[in-house]
1. With the condition kept exactly as written, say whether any residue in region 145-159 is open to solvent by 50 Å² or more (accessible area, probe 1.4 Å), among the acidic types (Asp, Glu) and away from the ligand (no atom under 14 Å from the Cβ).
2. Answer yes or no: is there a residue in region 75-87 that is acidic (Asp, Glu) and over 23 Å from residue 261 (Cα atoms).
3. So, in region 224-252, of the ones that are closer than 17 Å to residue 170 by Cβ and touching a Pro at 6+ places or on another chain (Cβ under 9 Å), which residue ends up surrounded by the most Cβ atoms within 10 Å (Cβ to Cβ)?
4. Find all pairs meeting these conditions: Cβ atoms under 6 angstrom apart; at least six residues apart or on different chains; first residue within region 4-23 and modelled with pLDDT under 80; second residue open to solvent by 80 Å² or more (accessible area, probe 1.4 Å).
5. Does residue 140 satisfy the condition of being free of Cβ contacts under 8 Å to residues at least 12 places away in the same chain, among the polar types (S, T, N, Q) and on the phi < 0 side of the Ramachandran plot?
6. At pLDDT 95 or above and either of a type in the set (A, V, I, L, M, F, W, C) or open to solvent by 20 Å² or more (accessible area, probe 1.4 Å) (or both) - does that describe any residue in region 113-124?
7. Somewhere in region 118-131, is a residue within 15 Å of residue 158 (Cβ to Cβ), near the ligand (Cβ under 9 Å from one of its atoms) and not small (Gly, Ala, Ser)?
8. Quick check on my filter: what residues within region 92-111 are open to solvent by 10 Å² or more (accessible area, probe 1.4 Å) and out of contact with any Ser or Thr (no Cβ under 8 Å at 6 or more places or on another chain)?
Amino acid sequence: MADEKSWVPQSVDVSVPSAARLYDYMLGGAHNFAVDRLAGDRMEAVMPHARSAARVNRAFLGRAVRFMVDQGIRQFLDIGSGIPTVANVHEVAQEAAPECRVVYVDRDPVAVAHSELILAGNDRVRVLQADLRDPDSILNSPEARLLDFDQPIGVLMLLMLHWVPTEFDPWGLLKHYREALPSGSYLAITHFADDHDYEPVKIAAANINKAGGDQAVERSRDEIAAFFGDFELVEPGLVKFAEWRPSGPGDMSTDPAINRLAYAGVARKP
Ligand SMILES: C[S@@+](CC[C@H](N)C(=O)[O-])C[C@H]1O[C@@H](n2cnc3c(N)ncnc32)[C@H](O)[C@@H]1O
């Protein structure tokens, strides 16, 4: 596990937990600090299967990327990509089609610092520190020039839109991103649901919010469906994340309530 080492950018406040490092800890990664591990352990105390929720989401990521590659997608924009822990977009995509290009975007400086270290030498991958709430800083960045916006792009926003509070109009932001994409592009989203029956996660979210770090908001199925706008959801539509084309037991948690924590969908621009 990491500690306050020289690679940590000076701007990083290591005294408050961050979503990226907490998620890395839950996935068994090494890029987190004591404050993140404390938040993670607290989460696990009230929500014993928290780690498997992270894995269910990561398994969806793999299925969604492979699906997009099968549809001919060769370039990806992953916003809120987190720390490249296990089975990242570029690994899944480039294994299926080595020519795939990937731009990772995260607002967390530690996630970006790690991504840069891990991805150094891969000339088909770029990493950008930017905030989803400023679409132009992403779409007009030098890093985004790795992507050809005249060709279909696979955009992923996985377990990250619940970090964008409603006051920032995430639906208006999503419209901006959808309009920037050419026909045939895909958008994949996972988002914590407000209709799950797993009370411990509400306590866990309250604990994270109390710790003063990133704030999380659960949303309804309709609110999440609206992020896709006029894009057409592919089968099976917007479903709970473990139900989206599962390919084996490893894609699900043994606790059914965990499998219902978040909605997942993949949609195509007509
Ligand atoms: C739970 S992690 C998800 C990582 C990865 N997408 C996955 O599904 O495996 C959420 C990530 O979203 C990032 N994030 C949250 N709000 C963001 C924003 N407004 N702009 C960019 N990244 C953001 C956090 O820093 C964190 O790394």
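1. Applying the first criterion (open to solvent by 50 Å² or more (accessible area, probe 1.4 Å)) to region 145-159 yields 145, 148-151.
Going one step further and asking which of them are among the acidic types (Asp, Glu), we end up with 148, 150.
Remaining after also requiring away from the ligand (no atom under 14 Å from the Cβ): 148, 150.
Within region 145-159, one or more residues are open to solvent by 50 Å² or more (accessible area, probe 1.4 Å), among the acidic types (Asp, Glu) and away from the ligand (no atom under 14 Å from the Cβ).
2. No, region 75-87 has no match at all.
3. Across region 224-252, the extreme among qualifying residues is 227.
4. 14/4
5. Working: free of Cβ contacts under 8 Å to residues at least 12 places away in the same chain: yes; among the polar types (S, T, N, Q): yes; on the phi < 0 side of the Ramachandran plot: yes.
Yes, satisfied.
6. Checked against the condition, which is being at pLDDT 95 or above and either of a type in the set (A, V, I, L, M, F, W, C) or open to solvent by 20 Å² or more (accessible area, probe 1.4 Å) (or both), region 113-124 yields at least one hit.
7. Checked region 118-131: no residue is within 15 Å of residue 158 (Cβ to Cβ), near the ligand (Cβ under 9 Å from one of its atoms) and not small (Gly, Ala, Ser).
8. 92, 94, 95, 96, 98, 99, 101, 107
The values are calculated or read from the model by the stated rules, or taken from the named source; none is laboratory data. None of the values given here were measured: they were computed from a predicted structure. Positions of Cβ are backbone-derived with ideal geometry, glycine not excepted, and every protein chain shown enters the neighbour counts. Quick note on the areas: whole protein, heavy atoms, side chains included, nothing else; ligands and nucleic acids left out. Shrake-Rupley method; radii C 1.70, N 1.55, O 1.52, S 1.80 Å.
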